[in-house]
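The values are calculated or read from the model by the stated rules, or taken from the named source; none is laboratory data. Everything numeric here is computed off the predicted structure, so don't read it as measured data. Cβ sites come from the backbone with ideal geometry, for glycine too, and all protein chains shown count toward neighbours. Side chains are part of the model used for accessible areas, which takes the heavy atoms of the whole protein and leaves out ligands, DNA and RNA. Shrake-Rupley method; radii C 1.70, N 1.55, O 1.52, S 1.80 Å.
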Amino acid sequence: MIDQPYAYRHKELVEPDWQRLPGWAEVSPQDWASAQWQRAHCIKNIRQLRHVMGDGLDERFYADLERDQAERATMSMLIPPQMINTMVPGLSPADQSFTDAFYADPVRRYMIPVFSDRRADWPSHPEASRDSLHEAEMWAVEGLTHRYPTKVLAELLPTCPQYCGHCTRMDLVGNPTAVIDKHKFELSRDDRLAAMMDYLRRSPGVRDVVVSGGDVANLPWPRLESFVAGLLEIENIRDIRLATKALMGLPQYWLTDEVRAGMERLATTARARDVSIAIHTHVNSAQSVTPLVAAAAKAMLETGIRDVRNQGVLLRGTNDKTEQLLDLCFALLDDAKIMPYYFYMCDMIPNSEHWRLSLAEAQQLQHDIMGYLPGFATPRFICDVPYVGKRWVHQVARYDRELGISYWTKNYRTGVEADDELALQREHEYYDPIYLLPEAGQEHWRTRVGAPVAVA
Ligand code: SF4
């Protein structure tokens, strides 16, 4: 055998034993398999986390979490038991090393961020902003972002069954936090969805609709089914993608009889009309891919939809190593039949600097995963450039590594550039984390915006 940088071995998926956690020691397999039980027992605050973990987590962790929630968190806490159970899967809170392992855990790192995770020098990039992709600016009608020529993003609702610390839609999604108020939709849900459908009926150039939120798993199934059924009646819509992290966070929901039967009805209609329906999920770490997640993905494929694909986010401390990324891709592909599709660079939202990678790091990771996966399942690493859209990380036009500024071009007008004659000539910028820059680059930013206030 040739010694390779990454050694592939097929690994069986494992459902960690939830009964190792004191708060769930008595929970039966029937309850665990119930979507209703999972939703009712989500962790929403420190008190509930304490109840589940017992005395196994040190007080320093809770104090760290409390400070983060008071001073930094852009998302409120909401974590289904299924996801908590995948954190530190091999240890029980009674183990001495549990707290250290919990701090280091890849899933914990982005689902339960604590104050000490974040950069004290530059918690935010000076160019970071709420709604950093300017999706709301490009709403054709409320919640319907028309950024690309042929595709739209429909934000059906502003909630999810789980809230991720790094959520790019932190402006809109979830409950307010101590430091972030959320944007509120003005229209009622039904009026908003009706306005979207009306716009799509009047837009023959749109062939692809990403049905998202939030997470479509939080829309009552009959409402989601009727919306997708409406899309299936529009002649020019050929691709429909349903965005749901809950396929991983709450697979029990996608395994319910109601959802399976409903998806089968949609898939049957779609096939008859030559339309592709796919599910797009969001898994960032191999340990999240458990037998229940695999069962949910396969149940969806069995309904006759075209595909289940994964769009992960590159996050330092979670998946910034080649081995972590390849382990994740093989876990998705081998036993869950989920297609590795994209890894996005983390968007430039406030307080995200500790998660973000530089463009150079993302390019290196893309380089390093090549050749191990089948070509059709080799994910592309993506920079979602404000006012541009998705670009493969090697498509950068220019890159100033000293200042950490990459420059990007595009070949179409977004919804806000209809009358902009220079739209296709302009360059758009994306920024690396400042603390990664050489000293001269850091000095530039200190001079430009003033030295960051270090937080003790
Ligand atoms: S599931 Fe998606 S939309 Fe919801 S909080 Fe996570 S990243 Fe944001």
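Restricting to lysine pairs 8 or more places apart or on different chains, what number in the chain have Cα atoms under 27 Å apart?
27
Taking the Cα centre as origin and putting +1 on Lys and Arg beta-carbons and -1 on Asp and Glu beta-carbons, what dipole magnitude results for the range 300-456, to the nearest 20 debye?
Working: 16 positive and 23 negative charges, 31 e Å.
So the magnitude is around 140 debye.
Enter the accessible area of VAL114 (Å², nearest 10), with the probe set to 1.4 Å and all protein chains included.
Its accessible surface works out to 0 Å², give or take rounding.
If you average 1/r across every pair of different Cα atoms in the range 360-456 and take the reciprocal, what Kirkwood value do you get, in Å? Numbers along the way, then the final one.
On the way: mean 1/r = 0.0636 Å⁻¹.
Its Kirkwood hydrodynamic radius stands at 15.7 Å.
Might you tell me the accessible area per residue for the range 71-117, computed with a 1.4 Å probe and given in Å²?
Details: 1320 Å² over 47 residues.
Spelled out: the 1.4 Å probe surface of the range 71-117, per residue, equals 28 Å².
In whole Å, what three semi-axes, largest first, describe the equivalent ellipsoid of the range 146-237 built from its Cα gyration tensor (square root of 5 times each eigenvalue)?
25, 14, 12
How big is D, in µm² s⁻¹, for the range 46-117 by Stokes-Einstein at 37 °C and 0.692 mPa s if Rh is the Kirkwood radius over C-alpha pairs? Please list the in-between numbers first.
Values: Rh = 12.4 Å.
Estimated diffusion coefficient is 266 µm²/s.
Using protein chains only and a probe of 1.4 angstrom, how many square angstrom of HIS10 are accessible, to the nearest 10?
Counting only protein heavy atoms, HIS10 exposes about 90 Å² to solvent.
On average, how much area does the Cα convex hull of the range 313-357 cover when viewed from any direction, in nm²?
Numbers: hull surface 13.2 nm².
For the range 313-357, averaging the hull's shadow over all directions gives 3.3 nm².
Ordering PHE376, PHE185, PHE98 by accessible area with a probe of 1.4 Å, largest first, what comes out?
Working: PHE376 150, PHE185 35, PHE98 0 Å².
Accessible-area ranking of PHE376, PHE185, PHE98, largest first: PHE376, PHE185, PHE98.
Can you give the accessible area per residue of the range 213-263, in Å², using a 1.4 Å probe?
Working: 1430 Å² over 51 residues.
Result: 28 Å² of accessible area for each residue.
Considering only DSSP beta bridges whose two residues both sit in the chain, what percent are antiparallel, to the nearest 5? Write out the running numbers ahead of the final one.
On the way: 16 of 43 bridges.
About 35 percent, rounded to the nearest 5.
Using heavy-atom solvent-accessible surface (probe 1.4 Å) with all chains present, what is the largest-first order of ASP274, ASP239, ASP432?
Numbers: ASP274 125, ASP239 40, ASP432 5 Å².
Ranking ASP274, ASP239, ASP432 by accessible area, largest first, yields ASP274, ASP239, ASP432.
Residue separation times 0.36 nm, minus the C-alpha to C-alpha distance between ALA360 and ASP257: what's the value? Mind dumping the intermediate values first?
Details: separation 103, 0.36 × 103 = 37.08 nm, distance 4.57 nm.
Value of the extension gain: 32.5 nm.
Compare the peptides 127-136, 327-336 by average per-residue count of other Cβ atoms within 10 angstrom and give them in order, highest first.
On the way: 127-136: 17.8, 327-336: 22.7.
For the peptides 127-136, 327-336, the packing ranking is 327-336, 127-136.
Got a number for the accessible area of ILE46? Probe 1.4 Å, square angstrom, nearest 10.
30 Å²
At a temperature of 4 °C and a viscosity of 1.567 mPa s, determine how fast the chain diffuses translationally according to Stokes-Einstein, using the Kirkwood radius over alpha-carbon pairs as Rh; express D in µm²/s, rounded to the nearest whole number. Display every interim value, and only then the final one.
Numbers: Rh = 22.9 Å.
Diffusion coefficient, whole number: 56 µm²/s.
Ranked from the most accessible area to the least, with a 1.4 Å probe and all protein chains present, what is the order of ARG401, ARG426?
On the way: ARG401 140, ARG426 95 Å².
Ranking ARG401, ARG426 by accessible area, largest first, yields ARG401, ARG426.
Would you mind calculating the relative contact order of the chain from Cα pairs under 8 angstrom and at least 6 residues apart, reporting the percent as a whole number? Can you show the working numbers first?
Working: 880 pairs, mean separation 71.6, N = 456.
So the answer I get is 16 percent.
Give me the percent of the accessible area of the chain that comes from carbon and sulfur atoms, probe 1.4 Å, all protein chains in place. Before the final figure, lay out each step's value.
On the way: 9490 of 18770 Å².
Ligands and nucleic acids excluded, carbon and sulfur reach 51 percent.
Could you calculate, for the range 1-101, the ratio of the Cα radius of gyration to the Kirkwood radius, expressed as Rg to Rh? Present the calculation step by step, with values, prior to reporting the outcome.
Values: Rg = 16.5 Å, Rh = 15.5 Å.
Taking Rg over the Kirkwood Rh, I get 1.06.
Just grab the label-to-label distance for ASN411 and ALA7, each label 7 Å out from Cα along the Cβ direction, in nm (one decimal).
According to this spin-label approximation, the distance is 4.3 nm.
I need the Kirkwood Rh of the range 192-335: take the reciprocal of the average 1/r across all distinct C-alpha pairs and report it in angstrom. List each step's numbers first, then the result.
Numbers: mean 1/r = 0.0629 Å⁻¹.
The answer is 15.9 Å.
For the range 261-372, with equal point scatterers placed on the C-alpha atoms only and solvent neglected, what are the log10 I(q)/I(0) values from the Debye formula at q = 0.20, 0.22, 0.23 1/Å, to two decimals?
Log10 of I(q)/I(0), two decimals: -1.00, -1.11, -1.17.
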